[in-house]
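The values are calculated or read from the model by the stated rules, or taken from the named source; none is laboratory data. Being a predicted model, the structure only gives us computed values, none of them experimental. Positions of Cβ are generated from backbone atoms using ideal geometry, with glycine treated the same way; all protein chains shown enter the neighbour counts. What goes into the accessible areas is simple: the full protein's heavy atoms, side chains included, and nothing from ligands, DNA or RNA. Shrake-Rupley method; radii C 1.70, N 1.55, O 1.52, S 1.80 Å.
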Amino acid sequence: MITKEFLEDYSLFRKLKSGPFSPELQKWKKLPINMHCEVCNSMQTFNMKNEYYHVGDGSNDMNASNRVLDLKYQCQSCKSFQRRFFIHVSNDVDTIYKVGQYPEWEIKMDKNLEKTLNKHSINFRKGLVCESQGYGIGAFSYYRRITEDIIDELLNSISDLIEEVHKKEYAEALEKTKTTRVTQEKIDIVKDLLPSILKPNGMNPLGVLHSELSEGLHASTDESCLENANHIKSILIFLINQIIQSKESAKSFSASMKSLLDKKAGK
Ligand SMILES: [Zn+2]
């Protein structure tokens, strides 16, 4: 099945293998997507206005195999702004990827992330540029470099989120990470001590990061690196945003607790 995520987030040439897709295009579901509208200047729902089997030459061939599909999406609100996706379907109809998209896949950075990454945000942006072109090896290398550069700070900043009872254990592990310069080893030392707030649905982002980094570039193609690069990117974004948010909410929580207690004490 084609997915919302595929249309909204996948860069060019990143393959979606969730097949088998139906070989008959009329059975493919049309999915609404949420993307930015340049006319409304906000996030909007876009609906698909044509059929999967509609192509430029007006043919109505339903066979999905070995085709480039042309999807036209229109903003539901202004009914004028259009997005286009050109999607290649493999011979066996089990893999699809974008060969083109208008407007182009955006190389945009989250403001929080840019601020936090500071001087490393340049490499992050380069990683995004590589991704947008399908250069997986390049993207992977940039994201790995960022991880190596910020790992100490990242693990340090997790300390504040550790539950009181585990603080000592975490501090000891953190000390131990300083004995190695290898990023994977550092991650390995602390990954099982991660607080639950950093484990969405029980998944351990540091564990995934560890295995993605270990897999490395060994004989990997652009194609498989693109996949790994995307995972590393998502984990970095998740960890950084989650750490910032947790700290901010803890700050505002203690501030409001303090004012409440002050009030009670009649100050
Ligand atoms: Zn619009």
### Message
I'd like the accessible area for Tyr97: 1.4 Å probe, protein heavy atoms, all chains in place, Å² to the nearest 10.
### Response
50 Å²
### Message
Can you give me the convex hull volume of the Cα atoms of the chain, divided per residue and expressed in Å³?
### Response
178 Å³
#### Entry: Interchain or long-range residues, amide H under 5 Å from Leu69's placed H
Ile87, His88, Val89
### Query
Per residue, how much space in cubic angstrom lies within the convex hull of the C-alpha atoms of the range 83-136?
101 Å³
### Message
Just to confirm my understanding: which cysteines in the chain have no other cysteine beta carbon less than 4.7 Å from their beta carbon?
### Response
Cys78, Cys130, Cys225
### Summary
Per the charge dipole of the range 1-131 (beta-carbon charges, Lys/Arg positive, Asp/Glu negative, Cα centre), the residue among Ile2, His120, Tyr102 reaching farthest to the positive end is His120
### Accessible-area composition of the range 103-225, carbon plus sulfur, in percent [1.4 Å probe]
50 percent
### Summary
Taking only protein heavy atoms and a 1.4 Å probe, the highest-to-lowest accessible-area order of Ile151, Ile237 is Ile237, Ile151
### Task
Select from Leu193, Ile162, Thr147 the residue farthest towards the positive end of the dipole of the chain; place +1 on Cβ of Lys and Arg, -1 on Cβ of Asp and Glu, and compute about the Cα centre.
Ile162
### Query
Taking springs between alpha-carbon atoms closer than 10 angstrom, which of Glu223, Glu148, Glu175 fluctuates most in the Gaussian network model of the chain?
Glu175
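Tell me what the chain gives for mean residue ellipticity at 222 nm when only DSSP H runs of n ≥ 4 count, each as -39,500 (n - 2.57), the sum divided by the residue total, rounded to 500 deg cm²/dmol. Walk me through the numbers on the way to the answer.
On the way: 8 runs with 122 residues, N = 267.
The helix contribution divided over the chain gives -15000 deg cm²/dmol.
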### Summary
Over all Cα pairs of the range 42-144, the Kirkwood radius sets Rh, and Rg/Rh then becomes 1.08
### Surface accessible to a 1.4 Å probe, per residue, for the residues of the chain, Å²
55 Å²
### Message
Tell me the angle of helix 121-133 to the major Cα principal axis of the chain, expressed in degrees between 0 and 90 and rounded to the nearest ten.
### Response
20 degrees
### Query
At what distance in angstrom do the alpha carbon centres of the range 108-164 and the range 210-267 lie from each other?
11 Å
### Task
Return the aspartates and glutamates within reach of Lys27: Cα separation strictly under 14 angstrom, same-chain partners fewer than 8 residues apart disregarded; answer none if there are no such residues.
Glu51, Asp61
### Task
Distance from a point 7 Å along Cα→Cβ of Cys78 to each backbone N in the range 21-45: keep the residues under 14 Å and list them by number.
35-45
### Message
Based on alpha-carbon centroids, what's the gap between the range 15-33 and the range 64-78 in Å, whole number please?
### Response
12 Å
### Message
Over the range 123-267, what is the relative contact order in percent, taking alpha-carbon pairs closer than 8 angstrom and at least six residues apart?
### Response
29 percent
### Message
Based on the alpha carbons, how large is the Rg to Rh ratio for the range 22-75 when Rh follows Kirkwood?
### Response
1.06
### Summary
Each label sits 7 Å from Cα toward the beta-carbon; between Lys115 and Glu164 the label points are separated, in nm, by 3.0 nm
### Message
How large is log10 of I(q)/I(0) for the range 160-267 at q = 0.17, 0.20 Å⁻¹ when the intensity is taken from the Debye formula with one equal scatterer per alpha-carbon?
### Response
-0.92, -1.12
### Query
If the limit is 19 Å between Cα atoms, which of Lys15/Lys98; Lys115/Lys199; Lys119/Lys233; Lys17/Lys191 go over it?
Lys115/Lys199; Lys17/Lys191
